[in-house]
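Step one of this worksheet: look at the structure below.
Bear in mind that the values in this text are calculations on the coordinates, not laboratory data. Predicted, not measured: the structure shown is a model, and the values here were computed from it. For neighbour counting, all protein chains shown are included, and Cβ atoms are generated from backbone atoms with ideal geometry for every residue, glycine included.
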Amino acid sequence: MTRAATFCLLILTGQAACVASESDRLGEQAAVQVERGENLYTQKCASCHDAEGGIGPRLTGKVLAGYRTIGTLFDYNRLAMPYGAPGSLSEEEYWDVLAYLLESRDLTTPTAPLNARSSELELRD
Ligand code: HEC
């Protein structure tokens, strides 16, 4: 991140380069969020949703897209999951897990980290 900022400052005349590095920076942050989300998912969700004999349903792209918007799915997760311990992750962690779920099910191509401003975005399988 620091390197991108430095690059931007050095090329004061190259405005296009600055815009490109800004989107690179957001893309990198999105990838890091997906990675954090994957770790959280493995620790907090997979035992029910991905394990043999787990009590949770498979979280397929079709199932997740049924929630229609990112905000609705976020609210469901925060209010109901993990089953038996709803709300036990921080708000940021719920966004991280969601970023991973959507990316791994091909429901989004993350160009920026998810947050409350992403709520209105529609999900399409
Ligand atoms: C202890 C087991 C358990 C854990 C841990 C768990 N879930 Fe679930 N999950 C369930 C069960 C059971 C259901 C079905 C609930 C129902 O139908 O009321 C469910 C349902 C869901 C659904 C809705 C699926 C649908 O068909 O609409 C989503 C989305 C979901 N879980 C996400 C998560 C996420 C994200 C995590 C981790 C933060 C998580 N779950 C952790 C058991 C679990």
DSSP loop GluC sites (Glu not before Pro) with at most 15 other Cβ within 10 Å: longest gap in the chain: 53-119
Length added when fully stretched, Ser23-Thr111, from 0.36 nm per residue minus Cα-Cα: 30.9 nm
Mean Cβ neighbour count within 10 Å, used as a protection proxy, ranking 73-80, 61-68, 95-102 highest first: 95-102, 73-80, 61-68
Pair Glu93, Ser119: separation of 7 Å Cα→Cβ label points (nm): 2.2
The chain: calculated mean residue ellipticity at 222 nm from DSSP helix runs of at least 4, using -39500 (n - 2.57): -18000 deg cm²/dmol
